[in-house]
């Protein structure tokens, strides 16, 4: 019997209903017909748990999950690899002199060196020379099209 569910403290995964486990450590790998799953470590291909039938996974009350969809719903967020960095997401920057970024964050030119004109989240406007693959240490809400020469391949981490 493998407990897998979310409780008030986080996730439980293990042989007892008290087997607390942080999310993002493992990934789930279903078989072809979704009747069984293997659990692997998220950061490599090692096996934590060899293929086991879906019914061998139970909720807090010890009730087996009926199918793969029910198991996935109960464990939503558990198998998501949690980024260990300071940010939760990334997107390509849309440069504009009038429109703020969809997500304020830290910027990184990835293709060329140059200058980046930006507005910080506090409204200060700055222009800095920055080399590609260097990430800013200040959160920005806008990257200006005019005044930015490193305009290709800027990524925002938020």
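The values are calculated or read from the model by the stated rules, or taken from the named source; none is laboratory data. Everything numeric here is computed off the predicted structure, so don't read it as measured data. Neighbour counts are summed over all protein chains in view; Cβ atoms, including those assigned to glycine, are modelled from backbone coordinates with ideal geometry.
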inquiry  = Can you list the strands (runs of 3 or more DSSP E) lying wholly within the stretch 6-121 that have 2 or more residues being under 25 Å from the mean Cα position of the chain (by Cα)?
reply    = 10-14, 26-30, 36-41, 47-53, 90-92, 106-109
task = For the stretch 122-132, enumerate the residues that are part of a loop (DSSP other than H, G, I, E, B) and either within 13 Å of residue 148 (Cα to Cα) or in contact with a strand residue (DSSP E or B) (Cβ under 6 Å, 6 or more places away or on another chain) (or both).
result = 131, 132
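One line per residue, one yes/no per condition, for (1) closer than 17 Å to residue 96 by Cβ; (2) surrounded by 13 or more Cβ atoms within 10 Å (Cβ to Cβ):
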position	(1), (2)
112	no, yes
131	no, no
137	no, no
148	yes, yes
155	yes, yes
request  = Taking only the stretch 19-36 into account, find how many residues are touching a helix residue (DSSP H, G or I) at 6+ places or on another chain (Cβ under 7 Å) and closer than 18 Å to residue 3 by Cβ.
outcome  = 1
ask   = Going by the conditions given, is residue 135 in contact (Cβ under 8 Å) with a residue 60 or more places away in the chain, in a loop (DSSP other than H, G, I, E, B) and touching a strand residue (DSSP E or B) at 6+ places or on another chain (Cβ under 6 Å)?
value = no
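Condition check ((1) crowded, with 17+ Cβ neighbours inside 10 Å; (2) outside the structural domain of residue 21 (by TED's automatic domain parsing); (3) free of Cβ contacts under 8 Å to residues at least 40 places away in the same chain; (4) touching a strand residue (DSSP E or B) at 6+ places or on another chain (Cβ under 7 Å)) across all residues:
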position: 45; (1), (2), (3), (4): no, no, yes, no
position: 48; (1), (2), (3), (4): no, no, yes, yes
position: 52; (1), (2), (3), (4): no, no, no, yes
position: 56; (1), (2), (3), (4): no, no, no, yes
position: 61; (1), (2), (3), (4): no, no, yes, no
position: 97; (1), (2), (3), (4): no, yes, no, no
position: 118; (1), (2), (3), (4): yes, yes, yes, yes
inquiry  = Checking the structure you have, find out if any residue of the stretch 49-68 is out of contact with any helix residue (DSSP H, G or I) (no Cβ under 6 Å at 6 or more places or on another chain) and within 29 Å of residue 157 (Cβ to Cβ).
reply    = no
request  = Could you please let me know if residue 105 is surrounded by 15 or more Cβ atoms within 10 Å (Cβ to Cβ), touching a residue at least 40 places away in the same chain (Cβ under 8 Å) and in the same structural domain as residue 125 (by TED's automatic domain parsing)?
outcome  = yes
